[in-house]
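K.L.:
First, the structure itself, so that you have it in front of you.
No value in this document is a laboratory result; all are computed from the given coordinates. These numbers come from a predicted model, not from an experiment. Positions of Cβ are generated from backbone atoms using ideal geometry, with glycine treated the same way; all protein chains shown enter the neighbour counts.
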């Protein structure tokens, strides 16, 4: 089974968008979609009715359109949609919202059955009584599942090992999705057992974004959200896959890139607006993250 997606209105892998198609194994396929821009874009694709469709939103979201747009389902941030209808095909017609990170997983019932061969009675749509019935779910992601989906977008593994990493994460996503809440193993991060602490970590992320140009220190941020520095650091990394200031640095530079892409800002303007008082430091950080200087990036955009 090969399912490849292309953007319908934008070139593949532009500064505003990226699609990565990965064949996980025979019968299992994954698509990673990012929208860096300020506008939505469309994806359409025929999907065979034998496939179970999983859609995960690490950030942003998407609108799924059915019956020529007369009916819509919303995929929201940190949630998952699941579609399975063995009676009719459910072609993909989706609007990817701005600043979204999405993961699509497709596999046949047979392959899901092979993965969970001893637990088919526990999974509703591969239970023998339901295998020919349609199934739909709209679920929030657990903290561990949010972490795993995000790790696909913060992957630092390169070369041939990258494919192994993506396959491993695809299987991990499936395993976590079908893990019963009471059986979820969170011993590797006991912090995540407390949903109130998870809310505080998300508050920390919002504060970093809000105060991007003049960010608080780690101590100030911990006081603001009423957590210890240790719990803030450990919890943030477990949920978002990055340290607090790795996240802040990446967010600032991504914001600067979007500002430059708009054509409305000069290099120094972008640097100052995201909090760099020294443009040379900004240029160095930008080149380290994106492989080109801001000036060359602007030059490439104008060609």
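K.L.:
With r as the distance between the Cβ atoms of residue 264 and residue 165 and R0 = 35 Å, compute the FRET efficiency 1/(1 + (r/R0)^6) and round to 0.05. Provide the component values of the computation, followed by the final result.
P.N.:
On the way: r = 37 Å, r/R0 = 1.06.
With a Förster radius of 35 Å, E is 0.40.
K.L.:
Calculate the length of the line joining the C-alpha centroid of region 27-70 to that of region 158-177, in whole Å.
P.N.:
19 Å
K.L.:
Still on this structure: What distance in nm separates the simple spin-label points at residue 196 and residue 74, each placed 7 Å from Cα in the Cβ direction?
P.N.:
2.9 nm
K.L.:
Over what distance in Å are the Cα centres of region 253-303 and region 202-217 separated?
P.N.:
After rounding, the separation between the Cα centres reads 20 Å.
K.L.:
When a/c is below 1.5 the answer is rounded, else prolate if a/b is larger than b/c, else oblate, so apply that to region 246-302 with a ≥ b ≥ c taken from the square roots of the Cα gyration tensor eigenvalues.
P.N.:
Values: a/c = 1.44, a/b = 1.29, b/c = 1.12.
Rounded, since a/c falls under 1.5.
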